[in-house]
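Derivation of every value follows stated rules applied to the coordinates shown; laboratory data play no part. Note that the structure is a prediction, hence the values are computed from the model and not measured. For neighbour counting, all protein chains shown are included, and Cβ atoms are generated from backbone atoms with ideal geometry for every residue, glycine included.
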Amino acid sequence: RSKEDGKDRWSYFTKDMKTASDEEARTEQELRLALRRDEFFLVFQPQVNIQTQQITGIEALVRWQHPTRGVLAPGAFLPVVDKTNLATPLGQVVLDKALAAARKWHDLQLDFGRIAVNLSSSHLTSGTLLDDFNSLMAKHKVAPEYITAEVLESVFLDNERSNNSEVLEELHNLGVHIELDDFGTGYASLSHVADLPINGLKIDKSFTEQILSDRKKEIVVSHLINLARSLNINIVCEGVETEQQLDRLQMMGNFAVQGYLIARPMPFEAMSDWLTSTQSDLAFNLT
Ligand code: C2E
Ligand code: MG
Ligand code: MG
Ligand code: MG
């Protein structure tokens, strides 16, 4: 009887495995088609200085306008992208669209600080990243000091087999800002960070979420902000959702915040309107 159960369980297991890989294979095919049909688009989320509310940057976040499933967030397709050779072509599309947006804001004379793009580890390792930046910066006439590259700390970990650190160093030398995304969720320590070619840290939203309820988390974030300042590293605090969180963070220093409280990620037109209204408010206040 137990043998029977075991056999059953095994057949269920293989069936599930097959279904998962079938679905992945289908998604991969759809992704290839999506790239050809230009179904990816960007939404934009502002980062503002916590003391002055002035814009310091805008993060570009990818979305997929799926032909039948509606708009998909990255969590629904990036895991499959990362298993294929599509990460580099997708990264190129994202950079192209992000720099096109930056060019339009330049032309509209809207201050956006820097446009932030998320880089995948495969794109970094691909060998085309620097060429992609150089050619797309030339195409859109956007200078490197208007760009931030967000990377996860894991891109530095595989250093034995990849030259990701050197690629990032070169990107940094071009004048592109480098920020470590989701800081606090992995193993990077601040002393480690001080040796990396980075300009900033993004404190993960799992910390922001807990600063009001967990005194120890609050102390960690507060010290992190002070240490970063001493090391001349910028901070962006992610996932700010409430006034209470903002108030608490405001007491910790001078840095940037990003989150639903300031604005949700939005399409290009809405982002432009947001920039226009916040910047005309400012102009109005000054006159
Ligand atoms: P991330 O880079 O850490 O981006 C922040 C994520 O938090 C975004 O989710 C954003 O919509 C969400 N978020 C922003 N403010 C709040 C808030 O106040 N509360 C909460 N709960 N969430 C907030 P999204 O757009 O689903 O992106 C998820 C992740 O996918 C990103 O995390 C990034 O790692 C990756 N990603 C997004 N776009 C790209 C891309 O173009 N290329 C690559 N390689 N990765 C991307
Ligand atoms: Mg990011
Ligand atoms: Mg993050
Ligand atoms: Mg993240």
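In whole Hz, with x marking every Gly and Pro, tabulate ³J(HN,Hα) for segment 190-205 from phi via Karplus 6.51 cos²θ - 1.76 cosθ + 1.60, θ = phi - 60°.
Along segment 190-205, the couplings run 5, 5, 5, 4, 4, 8, 8, x, 10, 9, x, 10, 9, 6, 5, 5 Hz.
How high is the relative contact order of the chain, in percent, counting Cα pairs under 8 Å that sit 6 or more residues apart?
Contact order relative to length: 18 percent.
Quick query: amide H of Leu201 versus all other amide H atoms, modeled in the peptide plane; which residues come in under 5 Å with a sequence gap of 5 or more or a different chain?
For Leu201, whose amide H was placed from the backbone, the distant partners under 5 Å are Leu180, Asn234, Ile235, Val236.
Taking K and R as +1 and D and E as -1, what net charge do the other residues with C-beta under 13 Å from the C-beta of Ala100 add up to?
Within the 13 Å Cβ shell, the charges total +2.
What is the set of long-range amide H partners of Val142 at a cut-off below 5 Å, with H atoms built 1.01 Å from backbone N?
Under 5 Å from the amide H of Val142: no residue qualifies.
Cα-based count: Lys pairs in the chain below 24 Å, eight or more positions apart or different chains?
16
In what order do Tyr146, Tyr187, Tyr260 fall by count of nearby beta-carbon atoms within 10 Å, going from fewest to most?
Values: Tyr146 20, Tyr187 8, Tyr260 13.
Lowest to highest Cβ neighbour count: Tyr187, Tyr260, Tyr146.
Taking only Cα atoms, what is the 0 to 90° angle, nearest 10, from helix 129-140's long axis to the longest principal axis of the chain?
Roughly 50 degrees, rounded to the nearest 10.
Using each residue's phi in segment 39-52, evaluate 6.51 cos²θ - 1.76 cosθ + 1.60 at θ = phi - 60° and report the 3J(HN,Hα) Karplus result to the nearest Hz, with x for Gly and Pro.
For segment 39-52, the Karplus-derived couplings read 8, 8, 9, 10, 10, 10, 10, x, 10, 10, 5, 5, 8, 9 Hz, x marking Gly and Pro.
For the ranges 236-243, 218-225, 78-85, what's the packing order if you count other beta-carbon atoms within 10 Å of each residue, average per peptide, and put the highest first?
The packing order, highest mean first, is 236-243, 218-225, 78-85.
Which ³J(HN,Hα) values, rounded to whole Hz and listed in residue order, are derived for segment 245-258 from phi using the Karplus coefficients 6.51, -1.76 and 1.60 in 6.51 cos²θ - 1.76 cosθ + 1.60 with θ = phi - 60°, glycine and proline given as x?
5, 4, 4, 4, 5, 4, 6, 8, x, 10, 7, 9, 10, 9
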